[in-house]
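Working notes, structure below.
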Amino acid sequence: MPFSPHYRPDPQFVALGQAFSDPVTPASFPSLRLVWRDQEAAASVGLETLTDVEWIDHFGRFQALPDMAQPPLAMRYHGHQFRSYNPQLGDGRGFLFGQLRDQSGRLLDLGTKGSGQTPWSRQGDGRLTLKGGVREVLAARMLQAQGVNTSKALSLIETGEALVRQDEPSPTRSAVLVRLQHSHVRFGTFQRHAYFESKEGIEALVDHCIALYYPHLLSFDGEARVAGLLQEIAVATAKMVASWMASGFVHGVLNTDNMNVTGESFDYGPWRFLPVADGNFTAAYFDQTGLYAYGRQPEAGLWNLKQLACALKFICDVEALTQAIRAYPPAFEEAQKHAFLTRLGLQVPSQAADGAAMLDAMFAFMARSGVSWDGFFHDWFCGLASQSRALAGPRRYLYAGKDFDVWHRLLGRIEPDRLGRLAHPYFEQPEPVSLDITEVEALWEPIAQRDDWTAFHAKISDIAALEDALR
Ligand code: AMP
Ligand code: MG
């Protein structure tokens with residue numbers, strides 16, 4: 001098949017030069033079986049016309065894409081992991097396969113996971129488990145459906161190897177994933193150049209990010225440019241974290257190598273969705289202190305931004321950087337209110353205080369009642385317009401008492417947003433589409449036992465219905 005007219009390769013990262021990445025050779029796998037291809041994401045970058053055979057050639061064998069004038073590049077970065085600095089990071093099992101423009105002109109990366117060893121693999125095998133790949137597909141689809149600014153899992157191909165992992169019954173199956181993401185330049189990419197005290201490297205990265213992701217800053221000079229970039233990243237990060245909070249998403253590993261310059265959510269490992277409102281809910285089994293618990297995600301975002309600011313100190317006055325970071329807390333508060341009201345299908349009220357008071361009362365009710373997180377938002381979508389559904393549904397016995405009454409009264413002051421959405425058949429279902437850990441394990445089980453993908457595909461189509469209902 002010829003490539004679609006929307007295919008516009010535009011490799012830009014390679015121009016930063018040798019200090020930023022290393023050319024690598026992809027692994028060759030014993031077998032390749034396509035298990036997931038996101039046609040909608042593919043269409044956004046002109047890849048939808050590929051046959052499955054061509055798809056596997058490019059995203060399993062990593063045959064170069066036409067006019068993609070770059071080799072596979074393992075990106076160099078460092079980062080703080082659980083608050084300790086690790087200068088041994090970098091793309092250890094992935095690479096930048098190419099960059100292309102989407103139909104709106106945004107520059108998107110094709111980034112791999114599980115594509116083989118690189119100079120940054122340390123003791124690792126450079127591989128991804130099939131379960132890890134399935135989990136990344138699910139997280140990205142669910143977050144996208146809920147309107148979170150997320151990377152897309154473009155392709156997942158099973159690769160026929162047997163892997164040994166501590167956190168999965170082993171041997172376990174292997175896969176290679178390709179994601180579509182609006183930049184893989186991480187906070188840790190800057191930190192690496194700061195570690196080597198390379199002002200030049202930091203300058204080059206700042207120029208790169210402004211030119212490609214924040215071009216309105218091109219007219220700024222000197223320190224205002226650098227501080228302006230930091231402020232943009234701070235606001236974008238605030239919005240991303242706020243949308244996780246409304247979604248009930250716990251990323252799990254909020255290290256500085258897992259946050260990028262566009263504030264796009266990515267790298268889904270041990271993530272979980274909240275079962276109930278619980279600030280201490282933690283996703284990763286190895287996060288023993290709960291550092292990245294649900295309620296601590298906003299603080300983790302800020303802490304990471306401070307590390308980015310530290311790296312930028314080499315080329316910018318501290319006061320200007322401190323000022324830039326001050327944008328984070330108010331941007332987060334505003335974005336969080338917006339995200340929760342959106343999740344409830346409500347308009348952002350003209351009296352900002354109304355929204356804030358209603359949300360405070362809502363959290364109090366949710367935490368004390370132990371209502372299912374997703375169930376609650378499902379029941380009260382568009383506010384009081386859902387009242388008869390909510391009071392007839394499976395959680396009706398929870399919707400009473402003082403905490404409920406306080407919240408309910410405040411809810412009445414806020415208008416629904418696009419009420420017609422309630423007519424979607426999705427809202428006739430008593431239960432919401434959700435992805436809590438028991439569901440994820442339950443859909444993995446038949447794949448592991450008998451290669452039965454029925455439950456996985458059913459979940460993907462349920463998520464599509466959710467996305468459609470919320471649109
Ligand atoms: P993550 O926690 O997925 O963000 O990964 C942290 C670091 O470990 C990154 O530098 C990865 O490339 C590296 N890494 C994770 N798993 C592997 C693996 N199986 N082989 C090589 N490197 C890995
Ligand atoms: Mg990572």
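The values are calculated or read from the model by the stated rules, or taken from the named source; none is laboratory data. Keep in mind the model is a prediction, meaning the values are calculated, not measured. With ideal geometry, Cβ positions are generated from the backbone for all residues, glycine too; neighbour counts draw on all protein chains shown. With ligands, DNA and RNA removed, areas are computed over all heavy atoms of the protein, side chains included. Shrake-Rupley method; radii C 1.70, N 1.55, O 1.52, S 1.80 Å.
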> All but one of (1) more than 30 Å from ASP67 (Cβ to Cβ); (2) touching a Gly at 6+ places or on another chain (Cβ under 7 Å) hold for VAL148; which doesn't?
Replying inline: (2)
> Out of (1) part of a loop (DSSP other than H, G, I, E, B); (2) open to solvent by 30 Å² or more (accessible area, probe 1.4 Å), what's the single condition that is false for TRP303?
Replying inline: (1)
>> Can you say whether TYR285 is in contact (Cβ under 8 Å) with a residue 12 or more places away in the chain, aromatic (Phe, Trp, Tyr) and out of contact with any helix residue (DSSP H, G or I) (no Cβ under 9 Å at 6 or more places or on another chain), as far as the supplied structure shows?
In response: yes
> Name the residues in region 34-57 that are without any contact (Cβ under 8 Å) to a residue 12 or more places away in the chain and aromatic (Phe, Trp, Tyr), would you?
Replying inline: none
>> Given the criterion over 16 Å from ARG127 (Cα atoms) and either in contact with an Asp or Glu (Cβ under 8 Å, 6 or more places away or on another chain) or in contact (Cβ under 8 Å) with a residue 60 or more places away in the chain (or both), identify the matching residue among SER84, SER4, SER31.
In response: SER4
> Within region 61-79, is even one residue open to solvent by 20 Å² or more (accessible area, probe 1.4 Å), in contact (Cβ under 8 Å) with a residue 60 or more places away in the chain and either assigned to a strand (DSSP E or B) or at positive phi (or both)?
Replying inline: no
> Could you list, in sequence order, the residues of region 306-324 that are open to solvent by 40 Å² or more (accessible area, probe 1.4 Å) and of a type outside the set (Val, Ile, Thr)?
Replying inline: LYS306, CYS310, LYS313, PHE314, ASP317, GLU319, GLN323
> Do you know which residues across region 116-139 are within 14 Å of ligand 2 (Cβ to nearest atom), within 19 Å of PHE95 (Cα to Cα) and either not β-branched (Val, Ile, Thr) or not in a loop (DSSP other than H, G, I, E, B) (or both)?
Replying inline: TRP120, SER121, ARG122, GLY124, GLY126, LEU128, GLY132, GLU136
> In this structure, does SER115 turn out to be more than 12 Å from ligand 1 (Cβ to nearest atom) and either at positive phi or in contact (Cβ under 8 Å) with a residue 40 or more places away in the chain (or both)?
Replying inline: no
>> I'd like to check something: does region 81-102 contain any residue that is hydrophobic (A, V, I, L, M, F, W, C), farther than 22 Å from SER174 by Cβ, more than 16 Å from ligand 2 (Cβ to nearest atom) and assigned by TED's automatic domain parsing to the domain that holds SER121?
In response: yes
> Taking region 130-162, which residues are more than 14 Å from the chain's Cα centre (by Cα) and open to solvent by 10 Å² or more (accessible area, probe 1.4 Å)?
Replying inline: LYS131, GLY132, GLU158, GLY160, GLU161, ALA162
> Among the residues of region 256-267, is there at least one that is in contact with a Pro (Cβ under 9 Å, 6 or more places away or on another chain) and either crowded, with 22+ Cβ neighbours inside 10 Å or of a type outside the set (S, T, N, Q) (or both)?
Replying inline: no
>> Being within 16 Å of ligand 1 (Cβ to nearest atom) and farther than 29 Å from ALA339 by Cα is the requirement here; does ARG192 meet it?
In response: yes
>> Within region 206-241, take every residue that is hydroxyl-bearing (Ser, Thr, Tyr) and closer than 30 Å to LEU341 by Cα and give me the one that is surrounded by the most Cβ atoms within 10 Å (Cβ to Cβ).
In response: THR237
> Restricting attention to region 270-282, and to residues there that are open to solvent by less than 30 Å² (accessible area, probe 1.4 Å) and touching a helix residue (DSSP H, G or I) at 6+ places or on another chain (Cβ under 7 Å), which single residue is nearest to ligand 2 (Cβ to nearest atom)?
Replying inline: TRP271
